[in-house]
Amino acid sequence: MILKRPKGTQDITPGVINRWRTVETAASGLAEQFGFREIRTPVFEETGLYVRSVGDTSDVVTKEMYTVSSKGDDAFTLRPEGTAGVIRALLENGILNEGFPQKVYYIIPCYRHEKPQAGRFREFRQFGVEMAGSASPYADAEIILLAASVLDACGLENVELHLNSIGCPECRAEYRKALKSYFEPHIGEMCDTCRDRLEKNPMRLLDCKSPVCKEIAKNAPVITDYLCGGCREHFEKLKSILDGYEIKYTVDPRIVRGLDYYTRTVFEFISNDIGAQGTVCGGGRYDGLISELGGQPTPALGFGMGLERLILCMEAAGVEFDPPKTPDLYIAPMGERAQEKAALLCDAVRRAGYAAEFDLIGRGIKPQMRYADKVGAKFVCVLGDNELDSGEAKLKNMKTGEETPVRLEDFISAFNSLLLNEMFGSNFSEEFGSILNDLPAEDTAPNNE
Ligand code: ATP
Ligand code: MG
């Protein structure tokens with residue numbers, strides 16, 4: 001019996017890997033354009049890190065953590081999100097002493113014990129960024145612009161930006177009181193979790209997914225009416241910067257975000273094309289987190305973008321993904337002598353920087369041609385005794401059917417010209433090949449210093 005993968009996980013098979021490559025390339029390329037450097041941290045961390053940072057009233061900590069005990073050590077948890085581990089790493093490695101701002105990004109699998117459904121998995125992938133050291137609304141705008149640019153590069157136009165400010169601890173104290181007195185008379189009708197939240201963290205009542213609680217929350221007081229002067233000013237400035245970039249947004253006082261550590265700006269990018277789990281990206285400012293984790297008080301902010309949901313949106317919008325890489329050359333040997341030669345030629349072609357394959361099974365010519373066709377080889381070269389004896393073979397262009405004779409002794413340079421012509425037009429190598437050949441060696445040879 002073939003065993004099955006765990007519930008809520010996925011296999012990303014070679015047939016769909018190009019979807020992942022497309023979004024990962026867009027995300028990492030843009031992050032680097034914005035000056036973010038990649039960081040990689042462990043898949044598991046001490047459980048206490050998430051309890052301290054994500055918060056002990058959040059869904060993530062109360063219901064969704066995969067906690068493993070390992071032989072008498074402390075308890076560890078598979079990372080449910082990226083921020084906590086990354087901030088821990090920035091502190092532990094002294095990176096926050098190296099000057100501000102520090103800007104990092106990551107593409108990671110995350111683990112949450114949730115009920116699997118469309119767009120909601122137990123293992124899912126996130127592209128995330130974190131920036132530490134800037135309190136300026138330009139920093140908030142910068143990460144929102146980065147997220148918007150990634151969505152744009154992925155061909156998505158229908159993802160809406162919802163924006164809110166949840167203030168600082170001072171303005172939130174007043175707001176919490178107002179929320180408590182609003183929800184108290186309704187608490188009997190609300191879910192068990194919300195009953196618990198009323199005392200501990202009433203803002204979470206706004207984030208509940210149960211339909212009854214959602215309905216009650218509709219008329220709750222809104223945080224934007226309670227912002228202090230500083231928080232209000234920050235929010236107004238952010239909106240005017242976004243207006244300058246012509247980024248459209250809706251101010252949505254219901255956005256409070258699921259995690260405890262947010263302050264001031266919070267935002268979500270929401271799609272209407274992929275059903276109920278439409279939040280593709282969520283983020284905001286968390287000025288209190290770094291000191292909570294033992295560092296100097298340092299303003300910081302970031303976002304997490306769910307890559308499964310991003311790909312679902314792209315599929316729904318009919319976006320074309322980057323095509324998978326195909327071999328430049330397939331060598332089809334007939335017989336053992338030819339296979340020996342094919343192996344060596346293939347090696348030389350790969351060393352010249354091309355993708356090449358040859359037959360590894362000892363099949364006849366017909367199945368070999370079918371294979372070359374299936375893998376999308378650009379050129380095919382059949383090698384038999386005739387070719388070996390005469391020292392000449394043919395390179396067949398699989399798109400046009402055109403065959404070009406080549407001497408086996410200068411196979412690589414002939415193949416090189418054929419491919420250049422294929423890429424840049426029919427006579428490219430005749431016109432420019434000599435220039436390339438005439439370049440001084442140190443300009444063309446790999447740098448070995
Ligand atoms: P949701 O409200 O959908 O549960 P969340 O507020 O728990 O999301 P965050 O912790 O902000 O999500 O994570 C950032 C992003 O990661 C989300 O916007 C979403 O795109 C993605 N994400 C979160 N949980 C899952 C999951 N279980 N499966 C797939 N993607 C997820
Ligand atoms: Mg969630």
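Some points to look at:
- Protection proxy ranking for 133-139, 385-391, 5-11, using the average of other Cβ atoms within 10 Å per residue and placing the highest first: 133-139, 385-391, 5-11.
- Backbone N under 17 Å from the R37 label point (7 Å along Cα→Cβ), restricted to segment 67-107: 86-107
- Charge sum, other residues only, whose C-beta stays under 12 Å from R88's C-beta, Lys/Arg counted +1 and Asp/Glu -1: -3
- Shown are E64, E233, whose ranking by accessible area with a 1.4 Å probe and every protein chain present, most to least, is E233, E64.
- Sparse packing (at most 14 other Cβ atoms within 10 Å of the Cβ) combined with a DSSP loop state is found for none of the chymotrypsin sites (Phe, Trp or Tyr not before Pro) in segment 46-109.
- Hz values of 3J(HN,Hα) by residue in segment 379-395 - Karplus curve (6.51, -1.76, 1.60), Gly and Pro given as x: 10, 10, 10, 8, 10, x, 4, 4, 5, 5, 5, 7, x, 9, 10, 10, 9
- Residues whose amide H falls under 5 Å from that of T298, counting only those 5 or more places apart or on a different chain, are I290, S291, with hydrogens built in the peptide plane.
- Cα centroid separation, segment 335-384 to segment 116-177 (Å): 49 Å
- Mean Cα-pair separation over length for the chain, i.e. relative contact order, pairs under 8 Å, 6 or more apart, %: 14 percent
- Inter-centroid distance (Cα atoms) of segment 248-283 relative to segment 1-46, Å: 22 Å
- Looking at segment 329-434, the DSSP beta bridges with both ends there are about 50 percent antiparallel.
- Ligands, DNA and RNA are left out, and with a 1.4 angstrom probe the accessible area of segment 169-290 is 47 Å² per residue.
- Across the options L151, H162, A178, the greatest Cα extent toward the positive end of the charge dipole of segment 149-188 (unit charges at beta carbon of Lys, Arg, Asp, Glu) belongs to A178.
- In terms of packing, defined here as the mean over residues of other Cβ atoms within 10 angstrom, the peptides 313-320, 296-303 line up highest first as 296-303, 313-320.
- In Å², nearest 10: area of V43 left accessible to a 1.4 Å probe: 60 Å²
- Overall form of segment 191-339 per C-alpha gyration tensor (a/c, 1.5; a/b vs b/c): prolate
- By accessible area with a 1.4 Å probe, ligands and nucleic acids excluded, highest first: order of S181, S165: S181, S165
- For the chain, a Gaussian network of Cα nodes joined below 10 Å ranks N272, N158, N219 by mean-square fluctuation, and the top entry is N219.
- Residues considered: K239, K394, K209. Largest GNM mean-square fluctuation over the chain, using C-alpha springs under 10 Å, is found at K394.
- Listed peptides 284-290, 113-119 by packing density, highest first (mean Cβ within 10 Å): 284-290, 113-119
- Between K218 and E24, the modelled labels are 4.4 nm apart [label points 7 Å from Cα along Cα→Cβ].
- Solvent exposure of F235, expressed as accessible area, is near 10 Å², computed with a probe of 1.4 Å over the protein chains only.
- Assuming charge only on the beta carbon of Lys and Arg (+1) and of Asp and Glu (-1), the dipole of the chain about its Cα centre is about 1900 debye to the nearest 20.
- P(r) tail fraction, the chain - alpha-carbon pairs more than 29 Å apart, %: 59 percent
- Percent RCO, i.e. relative contact order, over segment 312-422, from Cα pairs under 8 Å lying at least 6 residues apart: 26 percent
- Using equal-weight Cα scatterers in the Debye expression, the normalised intensity of segment 329-434 in log10 at q = 0.10, 0.12, 0.17, 0.22 Å⁻¹ is -0.26, -0.37, -0.75, -1.25.
- Surface composition of segment 329-434: carbon and sulfur make up 50 percent of the accessible area, probe 1.4 Å.
- For segment 1-106: rounded, prolate or oblate by the Cα gyration tensor [a/c cutoff 1.5]: oblate
- Sulfur and carbon atoms: percent of accessible area, segment 148-213 [1.4 Å]: 50 percent
- Percent accessible area from carbon and sulfur atoms, segment 1-68, protein chains only, probe 1.4 Å: 55 percent
The values are calculated or read from the model by the stated rules, or taken from the named source; none is laboratory data. Only a predicted model underlies this, so the values are computations on that prediction, with no experimental measurement involved. When we count neighbours, we look across all protein chains shown, and the Cβ atoms used for this are built from the backbone with ideal geometry, even at glycine. These accessible areas exclude ligands, DNA and RNA; they are computed on the full protein's heavy atoms, side chains included. Shrake-Rupley method; radii C 1.70, N 1.55, O 1.52, S 1.80 Å.
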